[in-house]
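Bear in mind these aren't lab numbers, they're just calculated from the coordinates by the rules spelled out. Everything quoted here is computed from the prediction, not taken from an experiment. We place every Cβ from the backbone using ideal geometry, glycine too, and count neighbours over all the protein chains shown.
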Amino acid sequence: MEKKVTDFKSCLKAMPDILVSCRNNEGRNNALAVGYACNCSYEPHMVMVGIVPSRYSYHMVKESGVFVVNLVNEELRETYAYLGSHSGRDEDKLEKLGMKLGEGVKVNAPLLLDCPVNIECTVVDSIRTGSHEMFVGKVEYIHAREELINDKGGINYNKVNLLKFR
Ligand SMILES: Cc1cc2nc3c(=O)[nH]c(=O)nc-3n(C[C@H](O)[C@H](O)[C@H](O)COP(=O)(O)O)c2cc1C
């Protein structure tokens, strides 16, 4: 079967639809939608999130050295769309949406309590790949809703009803 060259853009699918929450040194909280995200080490446990330097959140993660990955379910579709299309530079998005916030156990960053799973991370490295800076985060603590935890202590992802935004 014949093949032709195609558009190169974001060629790996599926991309996860996660929210990254963060806090700056003045205590201001924010969150943005992120599709450039993946696991990147099994031992130690690490994940990677890609943030464009022009995002308001970028400077928060840079200066604090921590972030929280929040898994998103279908119920939060509108919230996700808002956080992914408005900037914390212009308004307090989390307050505007009335989002419930919790405190990290290991990191100084907000947990989005409306999300079923919150993964606290410490930045251990970052690489500017091009449009994005990929922040490598060591997983420090995971909060999961009780009903999502399987009998081995892990997350039953089939029960999360993960958002598929696009
Ligand atoms: C589905 C979706 C995926 C996105 N993925 C990313 C991403 O991987 N990295 C990024 O920097 N911005 C991404 N964005 C855009 C940001 O979420 C958006 O620009 C947001 O308004 C930035 O907020 P902030 O300025 O408050 O940080 C995505 C947006 C959507 C809707």
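If the only charges are +1 at each Lys and Arg Cβ and -1 at each Asp and Glu Cβ, what is the size of the charge dipole of the chain around the Cα centre, to the nearest 20 debye? Let's see the in-between values first.
Details: 21 positive and 22 negative charges, 104 e Å.
The calculation lands at about 500 debye.
If one puts a single equal scatterer on every Cα of the chain and applies the Debye formula without solvent, what log₁₀ I(q)/I(0) results at q = 0.08, 0.13, 0.14 Å⁻¹?
-0.23, -0.61, -0.70
Build a GNM of the chain with springs between Cα atoms under 10 Å: which of Val105, Val72, Val123 gets the top mean-square fluctuation?
Among Val105, Val72, Val123, the largest GNM mean-square fluctuation belongs to Val105.
Under the rule of at least 5 residues apart or a separate chain, name every residue whose amide H is placed under 5 Å from the amide H of Met46.
Under 5 Å from the amide H of Met46 lie the amide H atoms of Cys40, Ser41, Val139, each far enough along the sequence or on another chain.
Are there trypsin sites (Lys or Arg not before Pro) in the stretch 6-95 that DSSP marks as loop and that have at most 10 other Cβ atoms within 10 Å, and which are they?
Here the sparse-neighbourhood loop sites are Lys9, Lys13.
Beyond a 31 Å Cα-Cα separation, which of these cross-linked pairs lie in this structure: Lys9/Lys106; Lys3/Lys62; Lys9/Lys93?
Exceeds cut-off: Lys9/Lys106; Lys3/Lys62.
Taking θ = phi - 60°, what integer Hz values does the Karplus form 6.51 cos²θ - 1.76 cosθ + 1.60 yield along the stretch 152-166, in sequence order, with x for Gly and Pro?
With coefficients 6.51, -1.76 and 1.60, one gets 9, x, x, 8, 8, 5, 5, 8, 6, 6, 4, 5, 10, 5, 9 Hz.
Calculate, in nm to one decimal, what Tyr42 and Glu91 gain on full extension: separation in residues at 0.36 nm each, minus their alpha carbon distance.
Working it through step by step, the gained length comes to 13.9 nm.
Please list, in order along the stretch 87-92, the HN-Hα scalar couplings obtained from phi with the Karplus expression 6.51 cos²θ - 1.76 cosθ + 1.60 (θ = phi - 60°), rounded to whole Hz, x for Gly and Pro.
9, x, 5, 9, 6, 8
Taking the Cα centre of each part, how many Å lie between the stretch 127-166 and the stretch 1-27?
Rounded to whole Å, the Cα centres lie 15 Å apart.
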